[in-house]
Amino acid sequence: MTTIGSSSIDVNGIVSQLMQIEQRPLETLKKTITGIETKLSAFGKLQSALASLQDAARALTRTDTWGATKATSSDETAVKATAGNGSIPGGYSIEVSRLAQRQTVASGAFADSTTVIGGGTLRIRMGTLDADGTAFAPDAERPEVAVTIAAGATLADVRNAINAAGAGITASLVADGTGQRLMLRSADSGAAQAFAIAVDDADGGNADAAGLSAFAFDPAAASGGGRNLLLTQAAQDARVTINGLEVSATTNRLTGVIENLTLDLRRTTTAPVDVSVDSDTEALRGSLDAFVEAYNAANRLLAEQTRYDAATKTAGVLQGNQTVVRIQQQLREILRSTVGTDSPGSLSALGVELQRDGSLKVDATRVDAALADPAKVQAFFAAQGATPDEPGGLARRLLARLDALLASDGVISGATESLRARERTVEQQEERLNARLNEIEKRLLRQYSALDANLTSMAGSLASVQSLLAGLDSEN
């Protein structure tokens, strides 16, 4: 007689194998979601590439792009010129007879910065000093600033107190080999930045060179009797002659004398310095190159996403997507279009050729020759249309199309929203299927666990019968 063993079945193993079969539709849904996310990522890359092209096209429609100029100087050691937006091409003959300066005065020498000076009050006035440096005219618009110096103050303490007062002058200590000198300098340059210092000395001597009065500076007073600081540099305006016209300025940077042109005066001149302002063809070429690079990047991405490789039988993520195919066609149609009747009337005439793969190739020699007349190239790219519905120049046409494509209600947003809606639908299907699979798994576990229990019980009963039969056999 055959003996039936008592081992139970592998419930978890059986259920696991059955669930693998049940979960096959779930794997299909997961692959669908992955495919949708891949397409969403591709549309995101396309949107970014088109936005970059949009920025590059917009730059070619701006007036300041085509108004870019550069300034050159025949002697930058004397006059440096910098052109700003809107500067007018032209030439200027510049002579610098005087540079703007700050008033600077210095004290006598002290042993070191810890030398005790004494206390009192420094009364500082800003104004102008005459050409001889002997008559000071205070500025009524700027009141006197009183700087209190504590009793027993050192030379360093006096310096610190002046700097903290915000009186229009700065103080520093300078070692000249004989000791430490207090140097005072006006905070700004120009003839109106001169200053005088009156002293209320705690020792009662307000004009002598002892104590705090060592820092008195009355230009009209006698040396050592109230004029106790040495004038090392007078406050003065810059004096410049531009094309024969004399101009004065409070600083050595002239920003409003010639429209949108900055002149930095560096030294006086003995001969005229020629400054010229010309169209900045390098900047214009840079803007055009940026446009070509942005378009080529978008074209490469479109080609990659829509390609089909027959050899490997692999397709791009958006291969066959009609929205993307139309975008590709529309961009190329705009680039092939002509503008007006003047030259250049097309990208090809400008020296930018559309290749068979849809990319743009720049003929540097022809482009540079065209940019010698930037107004014509500007008209080709940025001309306004005859009517509001007509975009005009090529860059404006392209910009109008890109604006529509990238708008919140444009085709790219529509395509991505459609994909997201589909993704949400599949995710909901996935949730429902997961819930059903959980119920199936629970049911299978219950069924096979019950079967296992029944088999175990039957195995036990059979074992008892076999034992009884074995006993009967032995008695016979």
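A few comments on the model shown:
- Only one entry in 320, 392 is of a type outside the set (A, V, I, L, M), assigned by TED's automatic domain parsing to the domain that holds residue 43, surrounded by 13 or more Cβ atoms within 10 Å (Cβ to Cβ) and not in a helix (DSSP H, G or I), namely 392.
- Criterion (of a type outside the set (S, T, N, Q), over 27 Å from residue 287 (Cα atoms) and in contact (Cβ under 8 Å) with a residue 40 or more places away in the chain) met by exactly one of 430, 417: 430
- Residue 453 vs. criteria among the small types (Gly, Ala, Ser), modelled with pLDDT of 75 or more and more than 60 Å from the chain's Cα centre (by Cα): yes
- Residues that are closer than 18 Å to residue 127 by Cα, of a type in the set (A, V, I, L, M, F, W, C), surrounded by fewer than 17 Cβ atoms within 10 Å (Cβ to Cβ) and over 44 Å from the mean Cα position of the chain (by Cα), drawn from region 139-168: 140, 146
- Qualifying residue in region 93-104 (condition: more than 30 Å from residue 127 (Cα to Cα) and β-branched (Val, Ile, Thr)): no
Okay, residues lined up against (1) within 20 Å of residue 287 (Cα to Cα); (2) part of a helix (DSSP H, G or I):
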{"site": "330", "(1), (2)": "no, yes"}
{"site": "333", "(1), (2)": "no, yes"}
{"site": "343", "(1), (2)": "yes, no"}
{"site": "361", "(1), (2)": "yes, no"}
{"site": "365", "(1), (2)": "yes, yes"}
{"site": "368", "(1), (2)": "yes, yes"}
{"site": "375", "(1), (2)": "yes, yes"}
{"site": "381", "(1), (2)": "yes, yes"}
{"site": "384", "(1), (2)": "yes, no"}
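- When region 102-118 is limited to residues that are polar (S, T, N, Q) and buried (at least 19 other Cβ atoms within 10 Å of the Cβ), the one that is farthest from residue 73 (Cα to Cα) turns out to be 107.
- Selection of region 51-76 for residues being assigned to a helix (DSSP H, G or I) and under 22 Å from residue 412 (Cβ atoms) yields 51, 52, 53, 54, 55, 56, 57, 58, 59.
- Residue, surrounded by the most Cβ atoms within 10 Å (Cβ to Cβ), within region 220-267, restricted to residues that are acidic (Asp, Glu) and closer than 17 Å to residue 98 by Cβ: 237
- Matching entry among 450, 435, 400, 404 (being surrounded by fewer than 11 Cβ atoms within 10 Å (Cβ to Cβ) and aliphatic (A, V, I, L, M)): 435
- Options 142, 125, 159; residue that is assigned to a loop (DSSP other than H, G, I, E, B), under 23 Å from residue 235 (Cα atoms) and among the charged types (D, E, K, R): 142
The values are calculated or read from the model by the stated rules, or taken from the named source; none is laboratory data. If you're wondering where the values come from, they're calculated on a predicted model, not measured in any experiment. Cβ sites come from the backbone with ideal geometry, for glycine too, and all protein chains shown count toward neighbours.
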